[in-house]
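**Q** Take this structure first; my questions come after.
The values are calculated or read from the model by the stated rules, or taken from the named source; none is laboratory data. Values in this document were obtained by computation on a predicted structure and should not be read as measured data. Positions of Cβ are generated from backbone atoms using ideal geometry, with glycine treated the same way; all protein chains shown enter the neighbour counts. All accessible areas refer to the heavy atoms of the entire protein, side chains included, with ligands and DNA or RNA removed. Shrake-Rupley method; radii C 1.70, N 1.55, O 1.52, S 1.80 Å.
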There are 6 protein chains.
Amino acid sequence: MKKIAIFPGSFDPITKGHVSVIKRAIPLFDEIIVSIGINSAKNYMFPLEKRRDWIENVFANEPKVTVQTYSGLTVDFCKKVNANYILRGLRTAADFEFEKEIAHVNKMLTDGIETMFLLTEPEFAPISSSIVREVFRYGGDISSLVPPQVKINSENK
Amino acid sequence: MKKIAIFPGSFDPITKGHVSVIKRAIPLFDEIIVSIGINSAKNYMFPLEKRRDWIENVFANEPKVTVQTYSGLTVDFCKKVNANYILRGLRTAADFEFEKEIAHVNKMLTDGIETMFLLTEPEFAPISSSIVREVFRYGGDISSLVPPQVKINSENK
Amino acid sequence: MKKIAIFPGSFDPITKGHVSVIKRAIPLFDEIIVSIGINSAKNYMFPLEKRRDWIENVFANEPKVTVQTYSGLTVDFCKKVNANYILRGLRTAADFEFEKEIAHVNKMLTDGIETMFLLTEPEFAPISSSIVREVFRYGGDISSLVPPQVKINSENK
Amino acid sequence: MKKIAIFPGSFDPITKGHVSVIKRAIPLFDEIIVSIGINSAKNYMFPLEKRRDWIENVFANEPKVTVQTYSGLTVDFCKKVNANYILRGLRTAADFEFEKEIAHVNKMLTDGIETMFLLTEPEFAPISSSIVREVFRYGGDISSLVPPQVKINSENK
Amino acid sequence: MKKIAIFPGSFDPITKGHVSVIKRAIPLFDEIIVSIGINSAKNYMFPLEKRRDWIENVFANEPKVTVQTYSGLTVDFCKKVNANYILRGLRTAADFEFEKEIAHVNKMLTDGIETMFLLTEPEFAPISSSIVREVFRYGGDISSLVPPQVKINSENK
Amino acid sequence: MKKIAIFPGSFDPITKGHVSVIKRAIPLFDEIIVSIGINSAKNYMFPLEKRRDWIENVFANEPKVTVQTYSGLTVDFCKKVNANYILRGLRTAADFEFEKEIAHVNKMLTDGIETMFLLTEPEFAPISSSIVREVFRYGGDISSLVPPQVKINSENK
């Protein structure tokens with residue numbers, strides 16, 4: 001059976017921490033689908049098209065990594081793309097508590113999908129997408145927080 | 001003095017975890033008032049009428065358990081209904097930190113009301129009302145997360 | 001059915017935090033047995049006799065509170081004394097994680113015994129028996145940390 | 001070099017916990033600037049003018065403490081006012097996790113600004129501005145939670 | 001490159017939680033080496049021979065799972081057996097904090113070894129080897145906490 | 001009044017994390033006394049003489065930093081050396097919970113001594129003295145974890 005993992009998130013925008021987790025997981029899987037969840041009730045800072053392009057550019061040379069979008073339940077998307085694993089990065093204890101809840105409820109909903117965790121590297125642990133947005137909103141320089149492929153034109157501000 | 005506890009919350013909707021905590025607390029009290037807090041600034045997923053009906057149906061055979069709604073401060077409602085205890089379930093360490101703050105501020109506001117905690121059973125610990133709403137919003141099957149009395153017509157979606 | 005709770009611990013020595021939790025729980029139960037666990041593998045700072053006397057003196061005027069010693073499993077002691085509740089105080093999130101594990105394993109071992117938690121008052125939250133022993137060991141004055149009934153002669157040092 | 005710290009926040013409203021942290025930090029610094037961050041996307045309960053007056057009245061007799069407002073990144077404001085320290089109070093472990101992320105990202109953005117923490121006193125640890133607003137919104141008496149200089153006319157309700 | 005993981009621990013004794021984590025990880029790896037660390041400074045409750053036999057019996061029908069013992073640094077053992085992954089189960093937030101430190105220091109010592117985490121199932125989360133020993137020491141029945149292959153003769157007591 | 005801080009610990013051995021915290025605190029104080037606590041009940045890995053020499057060598061060019069040893073209560077030592085501040089580094093949320101208890105009990109014992117916290121840098125956060133000793137005990141290379149002044153001859157092993 002092919003080992004397929006999804007790496008779900010909003011990626012608003014993708015951070016250096018996300019990139020590090022995905023890259024380290026590549027040897028474990030046959031395919032990793034970076035899966036951009038679309039929630040119509042949520043306001044995103046960056047348009048979906050850009051968020052998707054940035055991720056595709058980051059992993060342009062990684063044939064095992066693809067990008068898809070989905071709406072609906074994460075476990076339903078797993079079944080649709082035949083993924084048996086959900087890959088997540090853990091930054092903090094608060095992250096862990098939150099991820100644990102999600103993972104356990106996912107298991108109640110659909111058997112056979114396992115959530116697997118890697119640690120965010122210590123130097124990237126403070127970086128979350130929401131903190132990147134906060135810095136960006138106030139005119140700060142986010143280049144140390146995101147991969148170089150995240151290119152933001154002035155009209156995004 | 002009659003031992004009256006309130007079990008406050010939004011119950012949007014009531015979960016299996018709530019039910020388990022209330023049932024295990026019944027022997028300790030003369031009356032447990034499941035108290036639905038109404039906050040006009042908040043958007044609820046399910047109408048108050050339904051949330052109330054579901055709880056009443058769950059505890060239809062438990063004469064010690066009643067349901068009331070309230071607005072305003074929880075401690076003021078306690079005084080109104082002569083409750084000397086606030087009953088809460090604890091799921092996670094994050095829950096605990098949050099509940100501790102509320103409980104201590106309640107004590108600063110009104111002396112003589114004690115908050116009492118039971119643990120959510122391990123198999124129900126991942127279930128919160130907000131995670132139930134998330135599953136429901138995306139069309140997932142919530143029947144493993146809520147008591148069978150929570151019946152949702154398609155028009156709720 | 002009589003509502004009997006045990007409040008288990010080493011009480012080496014009893015602290016102001018312990019006293020506050022027990023006193024606030026008295027109205028909820030018909031009897032609270034302060035239960036000194038004896039573990040032959042553990043070194044205690046104060047002799048069992050003293051630890052017991054101190055607790056008895058603290059609750060001399062509380063007819064519902066008694067003191068017993070036990071060895072073996074806490075849940076076995078509960079069955080022996082017909083206690084259906086274990087009462088515990090919660091000071092910190094770390095406390096909570098620890099108590100949750102114990103409580104859940106107790107439930108796996110013996111059904112029908114419920115663990116009930118009260119919060120330690122904020123001003124007593126930093127006080128643990130082990131910190132009291134640390135202060136005492138270095139010659140500090142522990143009178144602000146323990147009830148006045150804890151009287152320590154110089155020969156204890 | 002003059003030792004200047006900023007104490008950033010929304011102060012909606014200032015609490016007894018804030019006041020205690022600032023007062024205990026005064027001996028360490030030559031100047032402490034209580035810095036009210038203005039975020040146009042956020043809704044505040046109390047008008048900026050009041051929040052500022054309250055703080056100024058609290059520290060009317062402390063010549064080292066001044067009040068300023070700022071928008072934009074906190075580290076940019078530090079550079080503008082020549083502050084080399086950010087002062088923060090820590091109430092809970094959740095606070096700590098959050099503050100740690102902010103502090104580390106601030107360091108990535110601007111070198112040479114150090115975040116320094118004092119503990120909130122145990123009796124004030126449960127008090128946050130958001131819990132004060134919650135109590136106020138429901139008509140509770142907040143006088144035990146804020147300094148006496150916080151005077152709220154009925155038209156604020 | 002063969003994907004080899006070690007699952008290090010004392011296994012004093014192996015618990016149902018350990019078994020569940022290992023079994024769920026089997027599809028991800030070509031080989032999982034359950035690695036019993038030997039620390040001459042530590043006192044174990046059960047002899048190494050038994051701890052090893054129990055694990056071998058549990059996984060008798062899993063050709064991918066083997067058992068080895070090691071002393072010295074875990075990362076050095078990884079290199080010796082060509083393992084590029086360390087597999088760990090996460091039960092609680094406290095677990096997470098501890099594992100995070102170990103994993104990050106391992107990375108400082110030896111590059112190229114990744115620690116991968118699975119969650120302990122909620123119903124097994126309260127079970128640690130130390131709590132099993134505690135129950136056993138006091139004469140409790142540990143059969144609900146460990147796999148059936150853990151057979152303890154009375155002379156172990 | 002001279003601003004004197006102590007930085008208490010066992011320093012068995014001093015780590016890169018300790019050094020970073022002390023160096024960043026130097027501008028805040030007139031004097032920082034690295035204070036090696038001596039506890040006769042504790043077994044240290046490295047002899048006091050070495051632990052002291054290492055620290056003195058690290059700070060040989062920092063005239064504000066001195067090294068002293070003490071036994072007894074930390075707050076009593078503060079009074080003896082006229083220190084009004086205790087400086088501590090915070091690595092994790094567990095650290096924070098522990099330090100909070102100590103700091104609050106110190107305040108109960110002696111008024112007027114304030115504990116001040118700096119964050120350990122993210123890249124040093126996983127390093128504790130106990131993890132250094134663990135690596136050393138198993139023959140690992142600790143040079144990435146401690147300052148270069150920590151020189152260990154083979155006879156320490």
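**Q** Looking at the structure I just gave you, is E:Ala103 in contact with a Ser or Thr (Cβ under 8 Å, 6 or more places away or on another chain), surrounded by 19 or more Cβ atoms within 10 Å (Cβ to Cβ) and under 26 Å from E:Lys2 (Cβ atoms)?
**A** Here the answer is yes, as E:Ala103 does meet what is asked.
**Q** Looking at the range F:106-143, which of its residues are touching a residue at least 60 places away in the same chain (Cβ under 8 Å) and of a type in the set (S, T, N, Q)?
**A** Residues satisfying the conditions are F:Thr120, F:Ser128, F:Ser129.
**Q** For the structure I just gave you, tell me whether D:Asp95 is of a type outside the set (Gly, Ala, Ser), in a helix (DSSP H, G or I) and more than 7 Å from every other protein chain (Cβ to nearest Cβ).
**A** Here the answer is yes, as D:Asp95 does meet what is asked.
**Q** Take A:Asn61 and tell me if it is modelled with pLDDT under 95 and open to solvent by 10 Å² or more (accessible area, probe 1.4 Å).
**A** No, not satisfied.
**Q** Return the residues of the range B:39-56 that are touching a helix residue (DSSP H, G or I) at 6+ places or on another chain (Cβ under 7 Å) and open to solvent by less than 40 Å² (accessible area, probe 1.4 Å); say none if nothing qualifies. Quick ask: steps written out before the conclusion?
**A** Initially, the range B:39-56 is screened for residues touching a helix residue (DSSP H, G or I) at 6+ places or on another chain (Cβ under 7 Å), giving B:45-46.
The answer is B:Phe46, and nothing else.
**Q** Six or more apart or on different chains, Cβ under 8 Å: which pairs go from a residue in the range C:28-48 that's without any contact (Cβ under 8 Å) to a residue 12 or more places away in the chain to one that's of a type in the set (D, E, K, R) and open to solvent by 10 Å² or more (accessible area, probe 1.4 Å)? Could you list them?
**A** Partner pairs satisfying both residue conditions: C:Ala41/E:Arg137.
**Q** Can you say whether A:Leu118 is farther than 27 Å from B:Lys16 by Cα and not charged (D, E, K, R), as far as the supplied structure shows? Quick ask: steps written out before the conclusion?
**A** Details: farther than 27 Å from B:Lys16 by Cα: yes; not charged (D, E, K, R): yes.
Yes: the conditions hold for A:Leu118.
**Q** Suppose we keep only residues that are part of a helix (DSSP H, G or I) and β-branched (Val, Ile, Thr) within the range A:1-34. Which one would you say is farthest from A:Ser129 (Cα to Cα)?
**A** A:Ile26
**Q** Within the range E:7-19, track down each residue that is polar (S, T, N, Q) and either within 11 Å of another protein chain (Cβ to nearest Cβ) or open to solvent by less than 10 Å² (accessible area, probe 1.4 Å) (or both).
**A** Result: E:Thr15, single match.
**Q** Here's a follow-up. Kindly provide the set of residues from the range E:35-68 that are in contact with a strand residue (DSSP E or B) (Cβ under 6 Å, 6 or more places away or on another chain), more than 14 Å from chain F (Cβ to nearest Cβ) and not in a helix (DSSP H, G or I), ordered by number.
**A** Listed by number, the residues that qualify are E:Ile36, E:Phe59, E:Lys64, E:Val65, E:Thr66, E:Val67, E:Gln68.
**Q** Would a scan of the range F:69-80 turn up a residue that is open to solvent by 10 Å² or more (accessible area, probe 1.4 Å), of a type in the set (A, V, I, L, M) and touching an Asp or Glu at 6+ places or on another chain (Cβ under 9 Å)?
**A** yes
**Q** Now, a different point. Could you identify the single residue in F:Ile86, F:Ile113 that is buried (at least 22 other Cβ atoms within 10 Å of the Cβ), of a type outside the set (Lys, Arg) and under 20 Å from D:Leu119 (Cα atoms)?
**A** None of the others qualify; the one that does is F:Ile86.
**Q** Shifting gears a bit: Give the residues of the range A:132-149 that are under 23 Å from E:Lys100 (Cα atoms) and open to solvent by 20 Å² or more (accessible area, probe 1.4 Å), sorted by residue number.
**A** Scanning the range A:132-149 gives no hits.
**Q** Would the range F:93-111 turn up any residue that is within 24 Å of C:Pro122 (Cα to Cα), in contact with a Pro (Cβ under 9 Å, 6 or more places away or on another chain) and modelled with pLDDT of 95 or more?
**A** no
**Q** Moving to a separate point now. When you check D:Ile102 against the structure, is it within 18 Å of the chain's Cα centre (by Cα), assigned to a strand (DSSP E or B) and farther than 26 Å from C:Arg91 by Cβ, yes or no? Let's see the steps before the verdict.
**A** Working: within 18 Å of the chain's Cα centre (by Cα): yes; assigned to a strand (DSSP E or B): no; farther than 26 Å from C:Arg91 by Cβ: yes.
Against the criterion (within 18 Å of the chain's Cα centre (by Cα), assigned to a strand (DSSP E or B) and farther than 26 Å from C:Arg91 by Cβ), D:Ile102 does not qualify.
**Q** Give me a count of the residues in the range A:105-122 that are acidic (Asp, Glu) and more than 10 Å from chain E (Cβ to nearest Cβ).
**A** So the count comes out to 1.
**Q** Is one or more of the residues making up the range A:76-89 within 14 Å of chain B (Cβ to nearest Cβ) and part of a strand (DSSP E or B)?
**A** no
**Q** From the set of residues in the range C:89-99 that are open to solvent by less than 30 Å² (accessible area, probe 1.4 Å) and of a type outside the set (S, T, N, Q), which is farthest from C:Ile4 (Cα to Cα)?
**A** C:Ala93
**Q** Given (1) touching a residue at least 60 places away in the same chain (Cβ under 8 Å); (2) among the hydrophobic types (A, V, I, L, M, F, W, C); (3) facing chain F (nearest Cβ under 9 Å), identify the lone condition not met by E:Leu73.
**A** Condition not satisfied by E:Leu73: (1).
**Q** In the list D:Ile22, D:Ile4, D:Ile36, which residue meets the criterion of being at pLDDT 95 or above, under 14 Å from D:Tyr85 (Cα atoms) and open to solvent by less than 10 Å² (accessible area, probe 1.4 Å)? Can you show your working first?
**A** Working: D:Ile4 fails: open to solvent by less than 10 Å² (accessible area, probe 1.4 Å); D:Ile36 fails: under 14 Å from D:Tyr85 (Cα atoms).
After applying the criteria, what remains is D:Ile22.
**Q** Sort through A:Gly112, A:Gly140 and tell me the only one that's in a loop (DSSP other than H, G, I, E, B) and closer than 30 Å to D:Asp76 by Cα.
**A** A:Gly140
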